[in-house]
Amino acid sequence: MKLTLIGHNYQYATEQMLLTLFPGERPEYPSSPPAEGENALSLRLFPGNLWATATAKLTYGGKSYTASARVRAPTADMDKVETDRALQRCLKNAFYRAGAAALGREPPWGALTGVRPVKIPTKVLRRGGSLSQADAVLKDYRVAPLRRKLALACAQRTVEAEQSLSPDEVSLYVGVPFCPTRCSYCSFISADVHRALSLVEPYAQALEREISALAQAVRRQGTKVRTVYWGGGTPTTLSPALLDRLLTRLEVELDLSRLTEYTVEAGRPDTVTAEKLAALAAHGVGRISVNPQSMSDAVLKAIGRSHTAADILTAYDLARHGGPFDINMDLIAGLPGDTVAGFRSTLEQVLALAPENITVHTLALKKGAALAQTGTPLPTGEEVSAMLDAAWSALEGAGYRPYYLYRQKYMSGGFENVGWCRPGKENLYNICMMEELHTVLSLGCGGVSKLIDRAKGSLVRVSNPKYPQEYIQTIGHICRQKEELVWPTI
Ligand code: SF4
């Protein structure tokens, strides 16, 4: 869509709303006026003395739509952040109103464009506000009733999680970027282990060095590790001996006496063996993920999985009897070849297993995913909506409740990913990471440490290299950076 911004330069805010309303459109900034009937937006800001007014003139599908919005004009005592926030919201509202008129419907999350919608009601509850006050703020953004209910439930869990944290605690994330094969919807950095076999040992050695370097900083600052999460990739792609070696290194180097939650992703059922589960259990891992995504063999084949639904049942059975694990199972709504009836069947089969957590994702296709390039037909937004509705009633009916959620770019229908659990089985790491409740220190390639200062409301990101080769080659520099890392306490 051709975008013309007049009286402001809030490009990012405009593009965020473009993505929310018209995910198939890409922003363009023309040097000459758009042709008659071409999809285009002119977004103008008038900074008045009393009111700042935004007007949106949108052409979409050959028709024109106009809308406006206004806010109190920023005052001299407002800082730049507050001023920008107010003006951007005004511009987004004008664009949203014109866009909703053009579409003839409103997106499920209304005018909210961020990936963390739960932060909004959490902020109200944290200040002592009531659930209905938090709900009113979401209504103001025109969030649909079911999504408001989801966000409020997750906000309550967030406040509870926050109250359980001590100021000297952090979480730890360790990334293992290998998988048995690459899923067609994957846009992570994960490498097919058969092709990347020669990288596994050098990667493990680099990771061991980084664990030692981080441990020095953790000791220096007297910090306690509250949760550990091994993700990736699929950590259980590694051999039992290598898993044991890396888990040993972590517990030798770091004081884990305050640890209340230890998670390892065993997402791919084709990586789960009794020996690996025994290695995890021996190191105190108490939570694993076995992720079917779908229980349809045809859908599994369509997404490039080299296992069947029967293999998922075998892996689950092994996991259930292989240690004292709480088990999470991930599902995805909107996969190629899936139907509403097929998704219901997947839900029924997974619920029959009674895992402690079930995470319901909505397919989000980024450019890097093979599936995004093949043009394979996918379920429509309406079908995805019906799948998520089915998940909601089935999970609630079976005694699960939502505890964390997030949104991503390019999600089918503009929906969300939701973690559901049996009461008391919330994954603290997921809440801390998603709601940015405390510092998360990340190890391994693609890891982004988030150093959070709750008192100042600031967040500093420190990123590791994205790809394994680069990570291995620059591990000396990464270790020096880790040794010197300083993070604030809550
Ligand atoms: S299991 Fe996850 S990380 Fe691995 S290839 Fe599939 S989507 Fe990517």
Response to the item:
Scanning the range 441-457 for residues that are open to solvent by 10 Å² or more (accessible area, probe 1.4 Å) and touching a Phe, Trp or Tyr at 6+ places or on another chain (Cβ under 7 Å) gives LEU451
Worksheet item: Do you know which of the residues in the range 268-304 that are open to solvent by less than 30 Å² (accessible area, probe 1.4 Å) and basic (Lys, Arg) is nearest to the ligand (Cβ to nearest atom)?
Response: ARG268
Worksheet item: Quick one: would you say THR236 is in contact with a helix residue (DSSP H, G or I) (Cβ under 9 Å, 6 or more places away or on another chain), within 16 Å of the ligand (Cβ to nearest atom) and part of a strand (DSSP E or B)?
Response: no
Response to the item:
Those residues of the range 202-231 which are in a strand (DSSP E or B), touching a residue at least 60 places away in the same chain (Cβ under 8 Å) and open to solvent by 10 Å² or more (accessible area, probe 1.4 Å) amount to ARG226, TYR229
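Here is a yes/no grid of residues against (1) farther than 30 Å from GLY381 by Cβ; (2) acidic (Asp, Glu); (3) modelled with pLDDT of 95 or more:
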residue: ILE6; (1), (2), (3): yes, no, yes
residue: LEU19; (1), (2), (3): no, no, no
residue: PRO23; (1), (2), (3): no, no, no
residue: ALA35; (1), (2), (3): no, no, no
residue: LEU41; (1), (2), (3): no, no, yes
residue: GLY48; (1), (2), (3): yes, no, no
residue: TYR60; (1), (2), (3): no, no, yes
residue: ASP79; (1), (2), (3): yes, yes, no
Practice prompt. Considering only residues that are in a loop (DSSP other than H, G, I, E, B) and within 23 Å of ASN9 (Cα to Cα), look in the range 67-109 and name the one that is most open to solvent (accessible area, probe 1.4 Å).
Written response: ASP77
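Residues are listed down the side, and each one gets a yes or a no for (1) of a type outside the set (A, V, I, L, M, F, W, C); (2) closer than 28 Å to PRO117 by Cβ:
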| site | (1), (2) |
| --- | --- |
| LEU3 | no, yes |
| HIS8 | yes, yes |
| LEU21 | no, yes |
| GLY24 | yes, yes |
| SER31 | yes, no |
| GLU36 | yes, no |
| PHE46 | no, no |
| THR53 | yes, yes |
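Residue by residue through the range 30-43, note down the ones that are of a type outside the set (Gly, Ala, Ser) and exposed (fewer than 12 other Cβ atoms within 10 Å of the Cβ).
Result: PRO33, GLU36.
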Worksheet item: For the range 239-265, which residues satisfy the criterion of being of a type in the set (Asp, Glu) and either within 16 Å of the ligand (Cβ to nearest atom) or closer than 14 Å to VAL218 by Cβ (or both)?
Response: GLU251, GLU253, ASP255, GLU265
Worksheet item: Within the range 15-29, can you find the residues that are in a loop (DSSP other than H, G, I, E, B) and either among the charged types (D, E, K, R) or open to solvent by 40 Å² or more (accessible area, probe 1.4 Å) (or both)?
Response: PRO23, GLY24, GLU25, ARG26, PRO27, TYR29
Discussion item. Could you check the range 462-476 and list, in sequence order, the residues that are open to solvent by less than 40 Å² (accessible area, probe 1.4 Å) and not β-branched (Val, Ile, Thr)?
Written reply: ASN464, PRO465, PRO468, TYR471, GLY476
Response to the item:
Expected single match for open to solvent by 60 Å² or more (accessible area, probe 1.4 Å) and either in contact with a helix residue (DSSP H, G or I) (Cβ under 6 Å, 6 or more places away or on another chain) or at pLDDT 95 or above (or both) among GLU348, GLU253, GLU356 is GLU348
Worksheet entry | Qualifying positions in the range 132-166 - under 17 Å from TYR406 (Cα atoms), in a loop (DSSP other than H, G, I, E, B) and open to solvent by less than 40 Å² (accessible area, probe 1.4 Å) | VAL143, ALA144
Worksheet entry | When residues of the range 170-189 are limited to those that are open to solvent by 10 Å² or more (accessible area, probe 1.4 Å) and in a strand (DSSP E or B), the one nearest to the ligand (Cβ to nearest atom) | CYS179
Worksheet item: Would the range 44-60 turn up any residue that is within 26 Å of LYS366 (Cα to Cα), under 33 Å from the mean Cα position of the chain (by Cα) and surrounded by fewer than 17 Cβ atoms within 10 Å (Cβ to Cβ)?
Response: no
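The values are calculated or read from the model by the stated rules, or taken from the named source; none is laboratory data. Note that the structure is predicted; figures quoted are calculated from it, not measured. Neighbour counts run over all protein chains shown; Cβ positions are idealised from the backbone, glycine included. Remember, those area values only see protein heavy atoms, side chains included, never the ligands or the DNA or RNA. Shrake-Rupley method; radii C 1.70, N 1.55, O 1.52, S 1.80 Å.
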